[in-house]
Amino acid sequence: MTTRTESDYKTNLQAAEQLKKAAGTSWDAIDPEAVARMRAQNRFQTGLDIARYTAKIMREDMAAYDADNSKYTQSLGCWHGFVGQQKMISIKKHFGNTKGRYLYLSGWMVAALRSEFGPLPDQSMHEKTAVPSLIEELYTFLRQADARELGGLFRELDAARKAGDELKAQDIQKQIDNHETHVVPIIADIDAGFGNEEATYLLAKKMIEAGACCIQIENQVADEKQCGHQDGKVTVPHDDFHAKIRAVRYAFLELGVDDGVIVARTDSLGAGLTKQIAVVNEEGDQGDIYNSFLDVEEVSTETMNQGDVVIKKGDKLLRPKRLPSGLYQFRKDTGEDRCVFDCIEAMKAGADLLWIETEKPHVGQIGGMVDRIREEVPNAKLVYNNSPSFNWTLSFRQQVFDAWAEAGQDVSRYNRDDLMSIEYDETELAKEADRRIQSFQADAAANAGIFHHLITLPTYHTTALSTDNLAKEYFGEAGMLGYVAGVQRKEIRQKIACVRHQNMAGSDIGDDHKEYFSGDNALKAAGEDNTMNQFA
């Protein structure tokens with residue numbers, strides 16, 4: 001999908017020419033083509049422009065997946081605008097377009113890396129305003145990537161014209177007219193809503209105004225929020241969760257983002273607790289089913305204790321088991337049933353996509369739940385967290401071990417509890433596990449209803465790994481060679497754009513503007529003494 005057409009560029013050029021003519025001699029120094037170029041470099045005027053544009057992309061991708069489940073989408077988590085920018089620049093460089101590739105904004109990374117309190121756990125203790133601020137920052141950097149790329153094309157166009165190469169000039173103009181933006185959908189994490197439904201609505205509005213077309217919300221208690229892969233998670237009854245889903249929908253509709261996408265996440269698989277007993281209006285309703293999963297014991301008025309909370313079920317009195325914290329616990333082994341119920345009810349309440357937080361990446365487990373969900377909601381689709389919290393190597397080696405053992409294959413040479421060991425790396429079991437890891441996303445898209453695959457915290461880990469390697473070399477025997485061989489030489493040979501870091505930071509864009517504003521008097525940075533020319 002492009003963000004400009006030839007008519008857009010020509011229309012802007014003609015409009016600027018007319019404005020200049022109407023303004024008279026005071027505008028003699030204004031170049032209409034410079035105006036058209038600046039408008040091309042600033043396609044999106046507001047965050048709402050971005051939200052509407054990217055929502056349309058997401059809806060089209062969802063429809064494409066419904067028609068062909070090999071057309072799943074992907075994203076990587078970001079904690080800084082530069083990180084998101086570099087991902088999209090790399091994607092365009094390697095794949096030629098951004099089709100089906102988004103960005104993910106992780107609440108975990110906002111808490112760990114963006115809070116003024118310093119690093120925090122994923123418990124919604126960070127400033128909630130940091131979330132829309134990061135969305136705005138990500139899109140600022142993506143828009144700058146557009147401006148930088150188009151600026152390079154404008155320079156090439158000027159050079160071709162100066163050389164009298166009309167064919168080359170026409171080709172470059174065609175690239176400008178059909179330029180594909182770096183702006184893509186962001187799936188943005190609103191945690192459990194940061195408060196009640198009004199608080200959720202207010203924060204959702206800020207996120208949408210910053211550019212979010214897709215908001216992900218989870219069914220945990222806001223003030224008891226935990227990371228999805230840690231213990232101690234507490235869920236809320238469906239009425240509470242659905243009120244927040246509706247709050248997000250109203251926020252989208254109020255702001256005119258009618259195609260806005262809501263991802264409803266259930267943490268029930270690993271959440272054994274609830275803070276409150278659901279309200280029951282009639283037998284078999286949402287509240288009644290929610291309460292049916294509670295761990296209860298039958299009591300009578302004679303055996304009840306002072307302060308007991310009981311549920312009347314038919315002619316029985318049931319006492320939910322209550323912890324000293326006041327929380328109620330669910331029966332063990334009800335997690336999958338609760339997940340399926342959560343997902344069906346969330347879709348009925350207006351969610352567009354589902355997220356089931358699991359404890360391992362297992363196509364069979366996920367697919368089994370999706371099959372049950374689709375009995376009620378045939379077009380149900382998932383967003384899935386390909387989480388760094390999973391030990392992917394160990395999990396898939398154990399999955400292969402179990403599959404081979406069940407098939408009667410000899411696995412006596414392997415120790416199932418020690419399959420992470422490097423001694424197994426070259427074995428057939430390890431190679432088969434790696435093949436399954438490689439095809440996991442395609443397999444899960446085809447067999448488990450997963451429309452979108454994401455990794456929440458990839459650059460948290462890549463930053464730590466690359467920094468460790470650089471520190472080890474630079475402060476060790478390699479010295480400066482640790483940087484040159486480990487970083488710069490690779491940047492040059494892999495054509496990483498930021499090797500020319502001044503250009504990446506906008507120096508050439510600034511030079512273009514100076515020329516527009518000051519003409520021949522412009523003091524530009526890109527002269528012959530600019531050391532960035534060494535990387536041209």
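Since every read-out is calculated from the coordinates, none of them should be taken as a lab result. Predicted model, so just to flag it, every value in this text is computed and none were measured. Glycine also receives a Cβ, built like all others from the backbone with ideal geometry; neighbour counts cover every protein chain displayed.
Mean separation of Cα pairs under 8 Å and 6+ residues apart, divided by the residue count of the chain: what relative contact order is that in percent?
Worked out over the chain, it gives 15 percent.
Using the Cα atoms of the stretch 166-254 to build a convex hull, what is its mean projected area in square nanometres?
8.3 nm²
Fewest first, what order do ASP223, ASP189, ASP410 take by the number of other Cβ atoms within 10 Å?
Placing the least packed residue first, the sequence is ASP410, ASP223, ASP189.
If R0 is 22 Å, what FRET efficiency do you get for GLU166 and ALA15 from their C-beta distance, rounded to 0.05?
0.30
By how many nm would the segment from SER133 to ASP410 grow when fully extended, if each residue of separation counts as 0.36 nm and the alpha-carbon distance is taken off?
Once the chain is fully extended between SER133 and ASP410, it gains 94.2 nm.
For the stretch 82-119 and the stretch 493-529, what is the centre-to-centre distance using only Cα atoms, to the nearest Å?
Value for the Cα centre distance between the two parts: 25 Å.
How do CYS498, CYS78 line up, fewest other C-beta atoms within 10 Å first?
Going from least to most buried by this count: CYS498, CYS78.
Tally the DSSP beta bridges in the chain and give the antiparallel ones as a percent, rounded to 5.
30 percent
Return the subset of LYS99/LYS168; LYS233/LYS332; LYS360/LYS431; LYS205/LYS233; LYS431/LYS472; LYS233/LYS360 for which the Cα-Cα distance in this structure is over 24 Å, preserving the input order.
Correct reply: LYS99/LYS168; LYS205/LYS233; LYS431/LYS472.
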